[in-house]
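Participant: First, the structure itself, so that you have it in front of you.
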Amino acid sequence: MEWTDLFAAFALYLIIEGLLPFASPRSWKQSIELVAQLSERQLRVCGLVSMLVGAVLLAFVRGR
């Protein structure tokens, strides 16, 4: 992996993260309020699941 790949991935992350607040700010604010009400355990589980799905998807895309 090269640094340009890392920067490209980060740029795509920023674009994807900006889509919902740009397209629907009210819904984005409501979802942030719901996330703020989750317990730390629930947030950790969501984070773990997100990382695992991302790792599996990356392995699939990269063919490893």
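Participant: Just a yes or no: is a residue in the range 35-42 among the small types (Gly, Ala, Ser), modelled with pLDDT under 95 and out of contact with any strand residue (DSSP E or B) (no Cβ under 7 Å at 6 or more places or on another chain)?
Facilitator: No, the range 35-42 contains no residue that is among the small types (Gly, Ala, Ser), modelled with pLDDT under 95 and out of contact with any strand residue (DSSP E or B) (no Cβ under 7 Å at 6 or more places or on another chain).
Participant: Can you name the residue in the range 43-64 that is surrounded by 10 or more Cβ atoms within 10 Å (Cβ to Cβ) and not aliphatic (A, V, I, L, M) and, of all such residues, is modelled with the lowest pLDDT?
Facilitator: Pass one, the range 43-64, residues surrounded by 10 or more Cβ atoms within 10 Å (Cβ to Cβ): 43-59.
Narrowing the set further to residues that are not aliphatic (A, V, I, L, M) leaves 44, 46-47, 50, 54.
On the way: 44: 97, 46: 96, 47: 96, 50: 95, 54: 92.
Looking at the filtered set, the residue picked out is 54.
The values are calculated or read from the model by the stated rules, or taken from the named source; none is laboratory data. Predicted model only: the values in this text are computed from it and were never measured. Cβ atoms come from the backbone with ideal geometry, glycine included; neighbour counts cover every protein chain shown.
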